[in-house]
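What follows is a single structure, written as structure tokens, with notes after it.
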């Protein structure tokens, strides 16, 4: 495990169960500043659960979760999971942004209000600064002039770009994407992948759960392949896709090609 100070995220020996079913088995990984990590694997392999645990939407049952070298949750001597205080967890939530596959925009808020509300209400930042940055983000997302539009007036690709802008408005250290293109048709998928490519070129730290294998190979620094709640193989993106070592990964990649 890389234990250097450049780790934004570090997870060690993570376990998570739902009822009697353990969906994460002894998962360890780290993500460094400026790194893009793609997580791939078949449905039900634990990818989204791992992301939900990393973003505090689910609680781990064992292991250690650290941000910037500080433990946020870890097992005590009795094997019980102990989380940091509510204040510490709230501070940690400001370190990351999360883009969901189904957009999760507030339907009764305009585009601009969806983006500006969290920094103003949660981070207590100046309205003038937040609105200026939000409009700059809309320009970056190719959505200039859509400030007053409601989510229902936008295409799926436009809604997803608004959700990315909303996540970026909080100035996170790391951005998580949970299958950001799975609800979109191929043309709209291209829109979102172009945005993520731009963020990667700007050295935004990202963890991306995706089925878009060519995209993962091209944009990610590393790929992690999960199956049945385990990290089966990980490595440099191009090496892992072009020259898989594990039979389960070979079978997974072959199935995607057929």
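Examine region 205-225 for a residue that is under 14 Å from the mean Cα position of the chain (by Cα), surrounded by fewer than 20 Cβ atoms within 10 Å (Cβ to Cβ) and within 30 Å of residue 129 (Cβ to Cβ), and state whether such a residue exists.
No, region 205-225 contains no residue that is under 14 Å from the mean Cα position of the chain (by Cα), surrounded by fewer than 20 Cβ atoms within 10 Å (Cβ to Cβ) and within 30 Å of residue 129 (Cβ to Cβ).
Take residue 208 and decide whether it is modelled with pLDDT under 95, in contact with a strand residue (DSSP E or B) (Cβ under 9 Å, 6 or more places away or on another chain) and within 29 Å of residue 116 (Cβ to Cβ).
Considered against the rule, which asks whether it is modelled with pLDDT under 95, in contact with a strand residue (DSSP E or B) (Cβ under 9 Å, 6 or more places away or on another chain) and within 29 Å of residue 116 (Cβ to Cβ), residue 208 comes out as no.
Can residue 55 be described as touching a residue at least 12 places away in the same chain (Cβ under 8 Å), more than 18 Å from residue 216 (Cα to Cα) and out of contact with any helix residue (DSSP H, G or I) (no Cβ under 6 Å at 6 or more places or on another chain)?
Working: touching a residue at least 12 places away in the same chain (Cβ under 8 Å): yes; more than 18 Å from residue 216 (Cα to Cα): yes; out of contact with any helix residue (DSSP H, G or I) (no Cβ under 6 Å at 6 or more places or on another chain): yes.
Taking the combined requirement at face value, the residue satisfies it.
Suppose we filter region 10-45 for residues that are over 13 Å from residue 209 (Cβ atoms), outside any strand (DSSP E or B) and in contact with a helix residue (DSSP H, G or I) (Cβ under 6 Å, 6 or more places away or on another chain); how many remain?
Here the count works out to 0.
The values are calculated or read from the model by the stated rules, or taken from the named source; none is laboratory data. Model, not experiment: these values are computed from the prediction. A quick note on method: Cβ atoms are made from the backbone with ideal geometry, for glycine too, and the neighbour counts reach across all protein chains shown.
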